[in-house]
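Taking it in order: structure first as structure tokens, then the write-up.
The values are calculated or read from the model by the stated rules, or taken from the named source; none is laboratory data. What you are looking at is a predicted structure, and each value in this text was computed from that prediction instead of being measured. Note: ideal-geometry Cβ built from the backbone for every residue, glycine included; neighbour counts use all protein chains shown. Side chains are part of the model used for accessible areas, which takes the heavy atoms of the whole protein and leaves out ligands, DNA and RNA. Shrake-Rupley method; radii C 1.70, N 1.55, O 1.52, S 1.80 Å.
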Amino acid sequence: MTDSATSSSPFPLETAAHPERLRRVAIDPVSRVEGHGKVTLLLDEDNRVQQARLHIVEFRGFEAFIVGRPYWEVPVMVQRLCGICPVSHHLAASKALDRVLGVTQLTPSAEKMRRLMQYGQILQSHALHFFHLSSPDLLFGFDSDVRQRHIVGVIEAHPDIAKKGVLLRKFGQEVVRATSGKRIHGTGSVPGGINRHLSPADHRLLRGDAAQMVQWSLDAVHLTAQLHAAEPALYNRFAAFDSNFLSLVRPDDGAMDLYDGRLRCIDPTGQRLVNDVDDQRYLDLIEEEARSWSYMKFPYLRTLGREAGWYRVGPLARVQTCDIIPTPLAEAERQRFLAWGAGRQVGGSLAYHWARMIEVLHCAEIIQTLLEDPDLREGEMMAPLLPPGERPGEGVGIIEAPRGTLIHHYRVGEDDLVTHCNLIVSTTHNNQAMNEAVRAVARDDFDGRDITEGLLNHIEVAIRAYDPCLSCATHALGQMPLEVSLVNADGSLRDQVLRAPGGTLQRPSLAG
Amino acid sequence: MMHSAVSATERAPLLVLAWGNRSRGDDALGPLALDALQTWANDAGLGAQIEFLEDHQLQVEHALDLAHRSQVLFIDASVRAAPPFEVRAVQPLRDHSFTSHALSPEAVLAACPLVGVAVPPATLLGIRGEAFELGADLRGAAAAHLAAAVAWAQAWLASASSTSMNRAATSKPV
């Protein structure tokens, strides 16, 4: 790293002093994440990295899409943001619209059904991410044969692990279906409550498998712990850096709560920077900065400013900001995880996977416990709603989505139409952190070396640890190749690598 | 474990699996075709013969939905299909989509034996779409493609369900 070259930015390697003199490497798109991202590296004549950025190149425009719609449509519509975590948007919107309608306390049945939906959602999303997208890197190595480094490779080499992953995700989706009414775009949560109970058939179905899911989740936690123990130097070093951490925690006891709570932020030593902040006051806490080279904003704590106030969210944040996980097996595993940090916060990006599996275990335990509760199958579904003219008309819903803290904020007019919508999605909170991870890898692993598929994958592994959701579009039939171009300072193409179908690399001959 | 998901022998013999985002213009072609076919099947008294599933995108666990099916019809919008639609048989293939978050129908079939599911005969109906903007409605041409594709799928399902029922009748104990 050459500090002098990055003096124009408060973040080392974010902005080179003279980019026009540097060669450019682009990774476009980043694979095995939800949506499309792009990484650019600028190299000097010695192949030393002078600038590294993760760009989010797709603009969603979803907030504008929501304005003008009747409020009751919103919890269903926002699910179309994403194919992986639609339920998080469904519930965050529902929570915000509860407030719009003056509801501050749900009925017991509504709260528990929503919680069951949320914990099923996180379980299925985490299982997808770890087993399908990340376990190939972790089990085979970042530089392993790309023909093996995918979910089918895992199934072939570790059939027991892979099958558990597939069935864990399936179980989570069954929870979502049973609580929301449909596999996707369910309608189970509505502003002010819910519109269904858990059916007897679904209750029997889920209850019959719950204990097995707890055991398999525990196996997954142990697998991630073993991976750390096998290569501690790698797991401590790779894309590791200090940061603040933000999440919701339960009022009173600071326990992990993935559905509701108060905002807390800690620094790398565990000191609380922010504590017990009402979710309705998020705008007092968080500022978002736009930068010219990315559509995605960069949030930070107002009190600390843009240079010191950025933070990480998601599993790694949640297991460290909370005081306890309120289920016994997951809490025991959290203690083992914290011991790995030896008194400091665990900062390695790969630790996200370990923390993510601890959360899977927590979700499985919560689901098993909730399924014993009769309120899921009977009881009042809706809280009383205030009539127009008396309701507040504005509300914020914050939930812990699989990837981290998710904020929905709406204003609704007397005509029931949405007049304002602000969404801060989990991946946006992690924008600065993902850029820091890319820079750490660029500096430590990429500097001065030639392009190889394995080396490129190091950068993608770092991004993938955050499980970013970069796009909410689904795709028509087609393919998503990887193209990497190395461009000379004068703009001429120096080298080009294409990742062809099947994962093999090709270097097409360059004209001229 | 997960008996309901893996070994549900009471499942409908035919599966129609469509995917896409209903809020993104022509990406809704798959789900809209599914809606039309489901209404038609119910009116035709074929509801018990055919299960209809919709999702945002295909994933490995969809292999579990393919268990105990005599035929599977995949439906998606396609930017490559010749208008109004293309139909082709789908064979298991471990293609590049295994490295992505959204699998191809071929890759889902390839995953079947790996999760203990016999690979069923499968057909892909790719409906030509052109515009996928957020909030957009179907393009005019896409609506015509949809109508043509649904008509083809109705005939295909009627034939497949007839075959399926004949097989079931002949396999009953005397």
Condition broken by residue A:151, with the remaining ones in (1) among the β-branched types (Val, Ile, Thr); (2) free of Cβ contacts under 8 Å to residues at least 40 places away in the same chain; (3) more than 10 Å from every other protein chain (Cβ to nearest Cβ) satisfied: (3)
Residues satisfying the stated conditions in segment A:381-401, i.e. touching a Lys or Arg at 6+ places or on another chain (Cβ under 9 Å) and open to solvent by 60 Å² or more (accessible area, probe 1.4 Å): A:385, A:392, A:394
Residue, farthest from residue A:411 (Cα to Cα), within segment A:155-165, restricted to residues that are within 11 Å of chain B (Cβ to nearest Cβ) and without any contact (Cβ under 8 Å) to a residue 12 or more places away in the chain: A:156
Among residues of segment A:107-123, those that are of a type outside the set (D, E, K, R), in contact with a helix residue (DSSP H, G or I) (Cβ under 7 Å, 6 or more places away or on another chain) and open to solvent by 10 Å² or more (accessible area, probe 1.4 Å), counted: 1
Selected residue (only one of A:488, A:457, A:431, A:435 is in contact with a Phe, Trp or Tyr (Cβ under 9 Å, 6 or more places away or on another chain) and at pLDDT below 85): A:457
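Going through segment A:243-268 one residue at a time, which ones are open to solvent by 60 Å² or more (accessible area, probe 1.4 Å) and either modelled with pLDDT under 95 or of a type in the set (Val, Ile, Thr) (or both)? Write out each step before concluding.
Taking segment A:243-268 and keeping what is open to solvent by 60 Å² or more (accessible area, probe 1.4 Å), we get A:250, A:252-253, A:262.
Across segment A:243-268, the qualifying residue is only A:252.
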Given (1) touching a residue at least 24 places away in the same chain (Cβ under 8 Å); (2) within 25 Å of residue A:353 (Cβ to Cβ); (3) not hydroxyl-bearing (Ser, Thr, Tyr), index of the condition residue A:114 fails: (2)
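On the given criteria, is residue B:80 more than 16 Å from the chain's Cα centre (by Cα), free of Cβ contacts under 8 Å to residues at least 40 places away in the same chain and part of a loop (DSSP other than H, G, I, E, B)?
Details: more than 16 Å from the chain's Cα centre (by Cα): yes; free of Cβ contacts under 8 Å to residues at least 40 places away in the same chain: no; part of a loop (DSSP other than H, G, I, E, B): yes.
No; evaluated as a whole, the condition is false for this residue.
Quick test for you: out of A:87, A:76, pick the one residue that is at pLDDT 85 or above, β-branched (Val, Ile, Thr) and open to solvent by less than 10 Å² (accessible area, probe 1.4 Å).
On the way: A:76 fails: open to solvent by less than 10 Å² (accessible area, probe 1.4 Å).
Residue meeting the stated conditions: A:87.
Return the only residue of A:131, A:140 being within 13 Å of chain B (Cβ to nearest Cβ) and under 24 Å from residue A:86 (Cα atoms). Full working, then the answer.
On the way: A:140 fails: under 24 Å from residue A:86 (Cα atoms).
Just a single option satisfies the conditions, and that option is A:131.
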Unique residue being basic (Lys, Arg), in contact with a Leu (Cβ under 8 Å, 6 or more places away or on another chain) and closer than 30 Å to residue A:77 by Cα when the list is A:170, A:182: A:170
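Looking only at residues that are aliphatic (A, V, I, L, M) and over 24 Å from the mean Cα position of the chain (by Cα) in segment A:357-391, which one is farthest from residue A:199 (Cα to Cα)?
As a first pass, look at segment A:357-391 and keep what is aliphatic (A, V, I, L, M): A:357-358, A:360-361, A:364, A:366-367, A:370-371, A:376, A:381-383, A:385-386.
With the extra rule that they be over 24 Å from the mean Cα position of the chain (by Cα), the set shrinks to A:370-371, A:376, A:381-383, A:385-386.
Values: A:370: 14, A:371: 11, A:376: 9, A:381: 14, A:382: 18, A:383: 21, A:385: 26, A:386: 29 Å.
This residue is A:386.
Test of understanding: among A:403, A:411, A:377, which residue is farther than 20 Å from residue A:120 by Cβ and of a type in the set (Lys, Arg)?
On the way: A:403 fails: farther than 20 Å from residue A:120 by Cβ; A:377 fails: farther than 20 Å from residue A:120 by Cβ.
Exactly one residue qualifies, and that residue is A:411.
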Options A:239, A:225: the member that is touching a residue at least 40 places away in the same chain (Cβ under 8 Å), on the phi > 0 side of the Ramachandran plot and more than 14 Å from chain B (Cβ to nearest Cβ): A:239
Cβ-Cβ under 6 Å pairs, at least 6 apart or on other chains, segment B:117-140 side more than 11 Å from chain A (Cβ to nearest Cβ) and in contact (Cβ under 8 Å) with a residue 60 or more places away in the chain, far side charged (D, E, K, R) and surrounded by fewer than 19 Cβ atoms within 10 Å (Cβ to Cβ): B:139/B:130
Single residue of segment B:20-40 satisfying the filter (more than 15 Å from the chain's Cα centre (by Cα) and of a type in the set (Gly, Ala, Ser)) that is farthest from the other protein chains (Cβ to nearest Cβ): B:25
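Taking segment B:20-49, which residues are assigned to a loop (DSSP other than H, G, I, E, B) and crowded, with 17+ Cβ neighbours inside 10 Å? First the steps, then the outcome.
Applying the first criterion (assigned to a loop (DSSP other than H, G, I, E, B)) to segment B:20-49 yields B:20-24, B:44-49.
Correct list: B:20, B:21, B:22, B:23, B:24, B:46, B:49.
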Leading residue by the ranking (nearest to the other protein chains (Cβ to nearest Cβ)) among those in segment B:85-116 that are open to solvent by 50 Å² or more (accessible area, probe 1.4 Å) and part of a loop (DSSP other than H, G, I, E, B): B:94
Answer residue from segment A:132-156, given it is among the small types (Gly, Ala, Ser) and on the phi < 0 side of the Ramachandran plot and is most open to solvent (accessible area, probe 1.4 Å) among those: A:144
Residue tally, condition facing chain B (nearest Cβ under 9 Å) and at pLDDT 90 or above, over segment A:166-202: 6
